[in-house]
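> The following block contains the structure, expressed as structure tokens.
The values are calculated or read from the model by the stated rules, or taken from the named source; none is laboratory data. These figures come from a predicted structure and were not determined experimentally. Note that we place each Cβ from the backbone using ideal geometry, even for glycine, and neighbour counts take in every protein chain shown. All accessible areas refer to the heavy atoms of the entire protein, side chains included, with ligands and DNA or RNA removed. Shrake-Rupley method; radii C 1.70, N 1.55, O 1.52, S 1.80 Å.
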Amino acid sequence: MSFDFEFESHPFISPGYLKAKLPDQVRAEIQKSIDGLDNGSIPWVENRPVGRRHLTSETKLPVTPLAKEFVEDLCYEYDNVFKGGDHVFWSQVNFDDRHLGRYDAKNMWINHSYKYDFNPVHSHEGCFAFVLWVDIPYNLEDELSLHGGHAELNSLFTFQWTNAKGKLRTTPLYVDKSWEWNIIVFDAFLPHSVFPFYTSDKARVSIAGDVYVTLDTPT
């Protein structure tokens, strides 16, 4: 028997992440900031999760003007792309005629991780988090082919999330040299981790940061 009927599809949707190539002028500004680091730089220790102790070094970076503007623009684009999604901005901030909310990129730090370093599953405070890759010192194919191809997560950045059935899922990002000076923006509460790499003695360099919501009360 064949039935003639209509139906609707309503999948459960969880917001993901945005990825963008850093504009040249923003890259130049950040590179200048990196070049200005010295031995007197301030370690990034404020509210540092225990897991981050597995990275060789984390150093505070200034939130430079162009970087701040670009990251905040990406957060507004996130709203446009995932409009109606369940993320922190709309769930924690109650806007009314007394307040005007705006995104505010407040923190940036640079990570230098070496062979065997890793960052266990963690999340961030604030509304959004971002990661920018500066230098990937290894070949991704070499990493993933170790141990007879049983190293499917070596060196990868991963998101951890729970699906509608309550099952834990992992979404890997296959970060290779083509990701240098690319940035991702995602919900600060979304758990994520970084797996160790094994085929290079040089540093993997990345920058991370936090975006908050600032409420301005009109006078």
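> Would you grab the residues whose amide H sits under 5 Å from the one on Leu61? Only those 5+ places off in sequence or on another chain, please, with H modelled 1.01 Å from N.
Amide H neighbours of Leu61: Met108, Trp109, Ile110.
> Here's a follow-up. At what distance in nm do the modelled label points of Asn80 and Asp35 sit from each other, each positioned 7 Å from its Cα along Cα→Cβ?
3.3
> Given a Förster distance of 30 angstrom, what is the FRET efficiency for Thr64 paired with Lys202, based on the Cβ-Cβ distance and rounded to 0.05?
0.75
> Between Asn182 and Thr162, how high is the FRET efficiency from 1/(1 + (r/R0)^6) when r is the Cβ-Cβ distance and R₀ = 25 Å? Nearest 0.05.
Given R0 = 25 Å and the Cβ-Cβ separation, E is 0.40.
> What does the charge count near Pro172 come to, summing +1 for each Lys or Arg and -1 for each Asp or Glu among other residues with Cβ under 13 Å from its Cβ?
In short, -2.
> Ok, one more. Can you give the accessible area of Asp117, probe radius 1.4 Å, in Å² rounded to 10?
Spelled out: Asp117, probe radius 1.4 Å, area about 20 Å².
> So which of Lys60/Lys167; Lys115/Lys165; Lys19/Lys165 end up more than 31 Å apart by C-alpha?
Lys60/Lys167; Lys115/Lys165
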